[in-house]
Amino acid sequence: MDLRSPFAASLASLPHQEGARIPWSRRIPAPADMGLEMIGVPEGGDLDIDLELNSVSEGVYVSGSVRAPIAGNCARCLREIAGSVDEPIGELVLYPQRQAALVEEGDEEAGQMPVVDSDHIDLEPIVRDAVVLSLPFVPLCKGDCRGICPGCGQLWEDLPEGHAHEAPADRGDPLAALEARLRAEEEGE
């Protein structure tokens, strides 16, 4: 973990006793790849992070929320989409010795959980998961977006009722022609 990262939260002021808590709020520019193929947080967009770090017996429970702008394109018509997300965060970050004990006991999930490192928590993967998992896999500009006409590329909503294109002339099935040729060659052997 890079301790110079704006996502590195120091636990120096958090006592290691259950119930102790400290606030952690920051406005951080979003990294370059916080999103999906069609939609995400623009690089440098403000991530408003408002968290509370709670000391628990296994580690530190991180709770709160993240707000971020999102931008992308509609999956049907490719129009630009802009908005924002406001997502809750709730994640347990284990102390290294607790993670090791859980893994030794056979808890496979514990090996994948975040860990306190050098009395710091790397909040970037926690924030990233909250934001990216909230994004639609197929973003739409509106729920009833009809998309574009495959013949001319115009928005369906801008085209007149009954709009259609002539089907292209049948050029034959190249795979069927190849199959026929191969069979003819086999029979000729």
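The values are calculated or read from the model by the stated rules, or taken from the named source; none is laboratory data. Predicted, not measured: the structure shown is a model, and the values here were computed from it. Because the Cβ atoms are built from the backbone with ideal geometry, glycine has one as well, and the counts that use them run over all protein chains shown.
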Could you please find all residues in the range 29-66 being within 30 Å of residue 140 (Cα to Cα) and of a type in the set (D, E, K, R)?
-> 33, 37, 43, 46, 48, 50
When every residue in the range 111-128 that is part of a loop (DSSP other than H, G, I, E, B) and free of Cβ contacts under 8 Å to residues at least 40 places away in the same chain is compared, the one farthest from residue 68 (Cα to Cα) is 113
Can you tell me which residue within the range 167-189, out of those that are part of a helix (DSSP H, G or I) and closer than 30 Å to residue 149 by Cβ, is modelled with the lowest pLDDT?
-> 174
Determine whether the range 92-105 contains at least one residue that is β-branched (Val, Ile, Thr) and under 17 Å from residue 25 (Cβ atoms).
-> no
List every residue pair whose Cβ atoms sit under 6 Å apart, with the two residues 6 or more apart in sequence or on different chains, where the first one lies in the range 142-156 and is within 17 Å of residue 81 (Cβ to Cβ) and the second, anywhere, is assigned to a loop (DSSP other than H, G, I, E, B).
-> 145/74; 145/76; 145/77; 147/76; 147/77; 148/77; 155/77
Looking for whichever is at negative phi, in a strand (DSSP E or B) and of a type in the set (S, T, N, Q) here; the options are 13, 5, 55. Which one fits?
-> 55
Can you pull out the residues in the range 36-61 that are closer than 21 Å to residue 78 by Cα, surrounded by 21 or more Cβ atoms within 10 Å (Cβ to Cβ) and in contact with a helix residue (DSSP H, G or I) (Cβ under 8 Å, 6 or more places away or on another chain)?
-> 40, 41
If you go through the range 63-110 one residue at a time, how many are in a helix (DSSP H, G or I) and either among the hydrophobic types (A, V, I, L, M, F, W, C) or surrounded by fewer than 16 Cβ atoms within 10 Å (Cβ to Cβ) (or both)?
-> 9
Taking the options 12, 8, 20, name whichever one is surrounded by 12 or more Cβ atoms within 10 Å (Cβ to Cβ) and either touching a residue at least 40 places away in the same chain (Cβ under 8 Å) or over 26 Å from residue 102 (Cβ atoms) (or both).
-> 8
Return the total of residues in the range 142-164 being part of a loop (DSSP other than H, G, I, E, B) and either on the phi > 0 side of the Ramachandran plot or aliphatic (A, V, I, L, M) (or both).
-> 5
